[in-house]
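In what follows, a structure is listed as structure tokens, so that the remarks can point back to it.
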Amino acid sequence: MRSTLEFLSELRVAGVMLSLEGESLKCSAPKGVLTAELCEELTGRKQEILSFLRISREAARSGSAGIPRVDRTRALPLSFSQQRLWFLHQLDAENPAYNMAAALQLTGPLHEAVLEDSLSGIVRRHEALRTCFAQKDGVPYAVIDDGPAWRMERIDLRHIPFELQEEEMLEAATRIGKRPFDLKTGPLFRAALLTLAPESHVLVLVMHHIISDGWSMGVFVQEFTELYRAGMEQREAALPPLPVQYADYAEWHRRWLEGGEVERQLVYWKAQLAGSPAVVQFPADHPRPRHETSDGHRVRMVLPAERMAELERFGQREGVTLFMVMLAAFKTLLYRYTGQTDVVVGSPSANRSRSEFHGLIGFFVNNLVLRTGFEGNPSFRDLLGRVREMTLQAYDHQEVPFERLVQALRPERDLNHAPLFQTMFSFQNFPLEDLELSGLTIRLIEMDFGTARYDLTVEAWPRHGELHIDFEYNTHLYDRETMEQLQRHFRSVLSAVVADPLQTVNEIPLLSTEERRQLLEEWNGTLEPEDEALCFHQHFERQAQRTPDCMAVVAGTEALTYAELNERANRVAQGLRAAGAGPESLVALYAERSAHLLAGLLGILKSGAAYLPLDPVYPKQRIAQILEDAKPRVVLTQNSLGAQLPEHDGRVLTLEEIFAPAESGALPNLESGVTANDPAYVIFTSGSTGRPKGVQIPHSALMNFLKSMRREPGFTEHDVLLAVTTISFDIAGLELYLPLLAGGQVHIALEPGNAERLMADMRHSAATVMQATPATWQLLLAAGWEGDRRLKVLCGGEALEAGLAQKLIERVRSVWNMYGPTETTIWSSVLELREIHDGRVPLGPPIRNTSFFVLDARREPVPAGVAGELLIGGEGLAHGYLHRPELTAEKFVPHPFSDVPGARLYRTGDLVRRRRDGTLEFSGRLDHQVKLRGYRIEPGEIEAALRRQPGIGDAVVLLRDADGDRQLVAYLAAGQKPQRPSVAALRAALRQELPEYMVPAKFVFLSEFPRTPNGKLDRAALPAPEESGQTAERAILPPRTAMQRSIARVFCELLKIDRVSIDDNLFDLGAHSLLIVQAHERLKREIDPELSLVSFFQYPTIGALAGFLERQQKTTTVSGGMA
């Protein structure tokens, strides 16, 4: 059985207020909350509740006999909640986000004078509605206005044609609702009466949140109802006198909290929110702006009366309130959309713990930070228990003002999002019903005033027996379609959990049948049956017959026609056959870039063998490792490279041997006996265990890819492609084979890493198509390449940055973003980029006979917009990993959505999300694998090599971004300097094992690695290389310039500290919002009257702020001198 305190806390969450009136128990509750079951429990526990309240009353009397009336002649302090809103107003006085606006439809005979008198009566009755706010030295105080009588604004719309009246009314109401308030002059409550017809009016009510809250709106409606009726009946209104006013509460609440209550309750909050995530938000449609914005819209969903009653009964069975059911369901939706097991949302608490406050208009509400863990995939019933316990504890500690909580926890402050939480969930218990007053019907109009206080606020309230739920969202982050999708999925969650509360949170279905069909079928409609199962070399042979004298390949001074290239490839095939190579065998090709390189590749394919490309620039140790793993039957090389080859078991054959005999006549094409299902090549990629892995690609996959590429991005017999990629990188297959399939030309760049030579090759070859990694395109632009309007650019191998994409779009004929892992054959998607939106570069749809599935950990499809792992199916899949059956089984998994026996999907490890048009956005990696300059790198392979070095205890490798330059950084746990290896020695050792692109650019030595509380490596806490030189006892950098000294003096005085470092974060030192305002006022007087409050957030250290002000002064001086 719940304790008395737990029971009372639940009642308070539901809006039920219990108090002592003499020795009797008084109960006030919103309509519909006191169910028969709840009334029965209240009756049964009445005596224990009375006893509990008497004890509480005596305790309160011993500490504070009552709430004294404050002297109105002195400066009146703000409550902590008001102080927070006042500070936000100083940041942006024109922001209407904290305007509380409502529009009421008045139908029937209206007595305007009685209406205005009723509203004036509420203003006279509540000081909060007559309050404005002044400041002195950055400290705000309240001013109560007893001056001229309040007046209602009147707007006559009767002259507007009937068919246009509603549109004009909505526009006028929105303008009134969004008009900013001036906190200094007031009034902070306005009302406007819009007249549409003699018996048709709209009343727009607007209050600034600093003087009101949601509960206050209920008080306002109750008092207005009585005042209007009394006015119509010409009698005194039956309203009891107010025991206190808001100013009395603000003073009392401050004193009560300062008496030690804040510190007591903060113990709970510090423990509850320790290590909580800084940002928890639904995936956004647009990048977060640099500054938090308040432009918004709202979308409403309505749960019918039957569903609301069903949810209430469900809550009663589970022993929780309707609010807790809705909150748990909403948090489940947030968890499923984000994948974060630590979910934090905000929720308003009425914070009216004493009966004196129940009938008062004012800003009492406090934001509670509600944190719930989803670890262990709990059932919804178990989750409800977690939410119930967390909610009750939060309400038992609800007195800590949100501003004080932020000040105590000191989260990282950022102008682009709210601290501690960004998503709000609110449940209003008072029902918004229509009113009937002396023949006048009053109905709430559904209005969208175009503002949003948070990223997303979900507000639910009962009306006409239904449950109305508004999603108010920031339009700089979200689109309306996303909100509508969220609402559909919220309905799905609510339906599912009521039907089966024992299902786990991961099992709760979100998708409708139609959504599932679109994700699995519609966006995968790429099926194209093959007309004949020919291999690439067979297609090439046909092309050589059709155009024997056309130029096929150029490399430096070498040039071969199709017939010549085919003849040389036949020589290679014959030589390999004689050396024992053929179907089901592997031939390694270890050769430099030349036309004969291409002949060698074609010859291996013609022999029936699969080729293994080896780049001579790779370290000898890595080549040895690959040869040992692959065990090729033959190694095809050149005389000049033979001595570099490490020992191996295969036979060595050189191209010079093959081409030396002067044969008379062309050799015929061989009948290789190879099938489309046989391997065409094996490419070795970086392995996470330190061991490279070989990917086996069949002929059918290669041909499916090439046919798709011939159509899109497109290649014809008139095109020329400049090949720049090493053959050890699988994307070289497009550069070398696509031109030959289409009857075009391939020019092989001999020094692709040299920007000047590469630009010369681009000019001399007259290339119309070129494929390269983003790093290569960036290299060309940095070297002064101006572009070529004839050139089709293919860009892939790593994520394409938006800025680079835009530069390329402006300089060439077309830009194509290419994506795909080696295991699904070179590229699996292509997309032409015509313009870049929101700084994001999307991935295209799947190519022919390829399917994309974005799945969660259970291999179920995730909704559009939600990140999941990309699994790829179709004709492009590799056979698997050479000699690695366990790894093959791990990465190539059974296809859960296919009826074809043996169908598989490849797990890419890439996190992506679907856009609403079906294209994809790359979001990151499930593991720590990275791509750099087009190379896929497993940091684990580098880490393994580092750990083998003497003096290195442990190693972690990250890809870090420093001013747009992406580079590998190695973090090393090592001993003291004398025992540590030098950076030069480490680089030299790594170059013996790893290719150059896998050697880290920077090395950071640490005594130990940072760990999370559960002992795991905390990668996020690893310092940036430039920070790593700091010792634990960081040296204080004293102010050096006059500007720095002036700013430091102000903050030392306000923070009451002796000294400050110019690189200290002011908020970390304890600067809260009010102190920042005080510093702002002083620095405006002493240094720059134009200094904005926002600057303290943009430049949060003394050094940064001083630098900004010094630049401002120089700009002002120069401008003044030019005037």
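Structure notes:
- Residue identified as touching a residue at least 12 places away in the same chain (Cβ under 8 Å) and assigned to a helix (DSSP H, G or I) among V202, V206, V221: V221
- Failed criterion for A533 (all others in (1) more than 30 Å from V458 (Cα to Cα); (2) modelled with pLDDT of 95 or more; (3) hydrophobic (A, V, I, L, M, F, W, C) hold): (2)
- For the stretch 820-842, a tally of residues being touching a strand residue (DSSP E or B) at 6+ places or on another chain (Cβ under 6 Å) and closer than 20 Å to A878 by Cβ returns 9.
- Condition met for V866 (assigned to a loop (DSSP other than H, G, I, E, B) and touching a strand residue (DSSP E or B) at 6+ places or on another chain (Cβ under 7 Å)): yes
- Looking across the stretch 268-278, the residues that are under 16 Å from R410 (Cβ atoms) and either part of a loop (DSSP other than H, G, I, E, B) or in contact with a His (Cβ under 9 Å, 6 or more places away or on another chain) (or both) come down to W269, Q272, L273, A274, G275, S276, P277, A278.
- Top-ranked residue of the stretch 312-371 - restricted to ones that are among the polar types (S, T, N, Q), part of a loop (DSSP other than H, G, I, E, B) and out of contact with any Ser or Thr (no Cβ under 9 Å at 6 or more places or on another chain), ranked as modelled with the lowest pLDDT: S353
- Check on N474, of a type outside the set (A, V, I, L, M), closer than 24 Å to D285 by Cβ and either modelled with pLDDT under 90 or more than 28 Å from the chain's Cα centre (by Cα) (or both): no
- Search result, residues across the stretch 883-941 that are part of a strand (DSSP E or B) and more than 17 Å from S828 (Cβ to Cβ): P894, G924, V930, L932, Y935, I937
Every residue, every condition in (1) without any contact (Cβ under 8 Å) to a residue 24 or more places away in the chain; (2) surrounded by 18 or more Cβ atoms within 10 Å (Cβ to Cβ); (3) touching a strand residue (DSSP E or B) at 6+ places or on another chain (Cβ under 8 Å), yes or no:
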site: T547; (1), (2), (3): no, no, no
site: A552; (1), (2), (3): no, yes, yes
site: A555; (1), (2), (3): no, yes, yes
site: A559; (1), (2), (3): no, no, yes
site: A569; (1), (2), (3): no, yes, no
site: S585; (1), (2), (3): no, yes, yes
site: A591; (1), (2), (3): no, yes, yes
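- Residue count for the stretch 131-159, restricted to those that are closer than 22 Å to L88 by Cβ and crowded, with 19+ Cβ neighbours inside 10 Å: 5
- Top-ranked residue of the stretch 505-526 - restricted to ones that are crowded, with 16+ Cβ neighbours inside 10 Å and of a type in the set (S, T, N, Q), ranked as nearest to V866 (Cα to Cα): Q518
So that you can scan it fast, the table gives a plain yes or no per residue for (1) assigned to a strand (DSSP E or B); (2) at pLDDT 90 or above; (3) more than 16 Å from L602 (Cα to Cα):
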| residue | (1), (2), (3) |
| --- | --- |
| D629 | no, yes, yes |
| P632 | no, yes, yes |
| L653 | yes, yes, no |
| S672 | no, no, no |
| T675 | no, yes, no |
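- Restricting the stretch 877-910 to residues that are without any contact (Cβ under 8 Å) to a residue 24 or more places away in the chain and charged (D, E, K, R), the residue that is farthest from F705 (Cα to Cα): E886
- Some residue of the stretch 573-580 being under 28 Å from A767 (Cα atoms) and not charged (D, E, K, R): no
- Residue match in the stretch 902-925 (condition: buried (at least 20 other Cβ atoms within 10 Å of the Cβ), out of contact with any strand residue (DSSP E or B) (no Cβ under 6 Å at 6 or more places or on another chain) and either under 26 Å from L990 (Cα atoms) or acidic (D, E) (or both)): no
- When we screen L115, L110 for residues that are in contact with a Phe, Trp or Tyr (Cβ under 8 Å, 6 or more places away or on another chain) and surrounded by 20 or more Cβ atoms within 10 Å (Cβ to Cβ), the only hit is L115.
Residues checked against (1) surrounded by fewer than 18 Cβ atoms within 10 Å (Cβ to Cβ); (2) basic (K, R); (3) within 13 Å of V387 (Cβ to Cβ); (4) in the same structural domain as G214 (by TED's automatic domain parsing):
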residue	(1), (2), (3), (4)
D295	yes, no, no, no
R300	yes, yes, no, no
E306	yes, no, no, no
R313	yes, yes, no, no
E318	no, no, yes, no
A328	no, no, yes, no
T341	yes, no, no, no
G346	no, no, no, no
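- Under the condition of being acidic (D, E) and within 13 Å of Y337 (Cβ to Cβ), the residues counted in the stretch 487-522 number 0.
- Answer residue from the stretch 113-152, given it is in contact (Cβ under 8 Å) with a residue 24 or more places away in the chain and assigned to a loop (DSSP other than H, G, I, E, B) and is nearest to L76 (Cα to Cα) among those: D145
- Hey, A680 among the hydrophobic types (A, V, I, L, M, F, W, C) and not assigned by TED's automatic domain parsing to the domain that holds L565 or not: yes
- Matching residues in the stretch 479-500 - criterion: being crowded, with 18+ Cβ neighbours inside 10 Å and either over 16 Å from V458 (Cβ atoms) or at pLDDT below 95 (or both): A496, V497, V498
- Whichever residue in the stretch 1042-1086 is among the β-branched types (V, I, T) and crowded, with 20+ Cβ neighbours inside 10 Å and, among such residues, is modelled with the highest pLDDT: I1047
- Between F162, F181, the distinction of being at negative phi and surrounded by 20 or more Cβ atoms within 10 Å (Cβ to Cβ) belongs to F181 only.
- Matching residues, the stretch 461-500, being part of a strand (DSSP E or B) and out of contact with any helix residue (DSSP H, G or I) (no Cβ under 8 Å at 6 or more places or on another chain): W461, R463, H468, D470, E472, N474
- Put simply, of A555, A563, A544 the only residue that is at pLDDT 95 or above and within 24 Å of T726 (Cα to Cα) is A555.
- Any chance I155 is in contact (Cβ under 8 Å) with a residue 12 or more places away in the chain, more than 17 Å from L193 (Cα to Cα) and assigned by TED's automatic domain parsing to the domain that holds V206: no
- Pick from the stretch 935-972, criterion closer than 16 Å to A1001 by Cβ, small (G, A, S) and surrounded by fewer than 20 Cβ atoms within 10 Å (Cβ to Cβ), ranking: modelled with the lowest pLDDT: G964
- Residue satisfying all of: in the stretch 809-837; outside any loop (DSSP other than H, G, I, E, B) and hydroxyl-bearing (S, T, Y); surrounded by the fewest Cβ atoms within 10 Å (Cβ to Cβ) among these: S814
The values are calculated or read from the model by the stated rules, or taken from the named source; none is laboratory data. Just so it is clear, the model here is predicted, and its values are computed rather than measured. Counting neighbours? That spans all protein chains shown, and the Cβs are built from the backbone with ideal geometry, glycine included.
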